[in-house]
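Participant: Take this structure, written in structure tokens, and hold onto it; I'll ask about it next.
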Amino acid sequence: TTDDDTITNSLYTLSFDKTTGDFTTLTACTASNTCETTPFTIDFHQYHSMQNSSQNSGAYIFRPDNETFDKTLPYRGDLLHAEVYKGSNIEQVTFDYSNIKVKARLFKQSGLPLELEVLVKPIDVSDGNGHEIVAVYGSDIENDKTFYTDSCGLYMQKRVV
């Protein structure tokens, strides 16, 4: 790897391909310098949302319609621009796709994890359908089907699949 295809701090290194806008691996190291590298990907898909039922899709309710439930549609779009920033307090990569903008950050303070910020650009609803946009993360991390999400910047919410 070169300096331009990774961001790093004392515990993590995120590798990516600037020409495709794909994340490739995440390396996590302990304080004793034991490191483990795992594949890491993120992609985006869309579904048409359920409408005209007793419980429509909406805020906090993910209900794809029955016709598109098994037919995921890619949503990321074309890579328009990629930028890597390496400063004294933070390293960041930004991938600007036609439909999504993704920023991955690693803070230089030890102990802070990888932060991902995703901005969904305006969604074309001229077809009259609602759309559900989902992020699909790929990894071979063994986590006992448990992960955590940020709840509006207030606390981490435990999730079990």
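Participant: What tally of residues in region 77-113 results from selecting those that are touching a residue at least 40 places away in the same chain (Cβ under 8 Å) and in contact with a strand residue (DSSP E or B) (Cβ under 6 Å, 6 or more places away or on another chain)?
Facilitator: The qualifying residues number 14.
Participant: Name the residues in region 14-44 that are assigned to a strand (DSSP E or B), in contact (Cβ under 8 Å) with a residue 40 or more places away in the chain and polar (S, T, N, Q), would you?
Facilitator: 38, 41
Participant: Just for strands (runs of 3 or more DSSP E) wholly inside region 104-161: which have at least 2 residues that are surrounded by 13 or more Cβ atoms within 10 Å (Cβ to Cβ) and of a type in the set (Val, Ile, Thr)?
Facilitator: Of the strands (runs of 3 or more DSSP E) lying wholly inside region 104-161, those with at least 2 residues that are surrounded by 13 or more Cβ atoms within 10 Å (Cβ to Cβ) and of a type in the set (Val, Ile, Thr) span 115-120, 131-139.
Participant: State all residues of region 6-36 that are open to solvent by 40 Å² or more (accessible area, probe 1.4 Å), in contact with an Asp or Glu (Cβ under 7 Å, 6 or more places away or on another chain) and closer than 13 Å to residue 84 by Cβ; if no residue qualifies, say none.
Facilitator: Matches in region 6-36: 8, 17, 18.
Participant: Evaluate the following for residue 54: is it modelled with pLDDT under 80 and among the hydroxyl-bearing types (Ser, Thr, Tyr)?
Facilitator: Yes: the conditions hold for residue 54.
The values are calculated or read from the model by the stated rules, or taken from the named source; none is laboratory data. Source: prediction; values computed, not measured. So basically every Cβ, Gly included, is an ideal-geometry build from the backbone, and we count neighbours across all protein chains shown. These area figures cover heavy atoms from the full protein model, side chains too; ligands, DNA and RNA do not enter into them. Shrake-Rupley method; radii C 1.70, N 1.55, O 1.52, S 1.80 Å.
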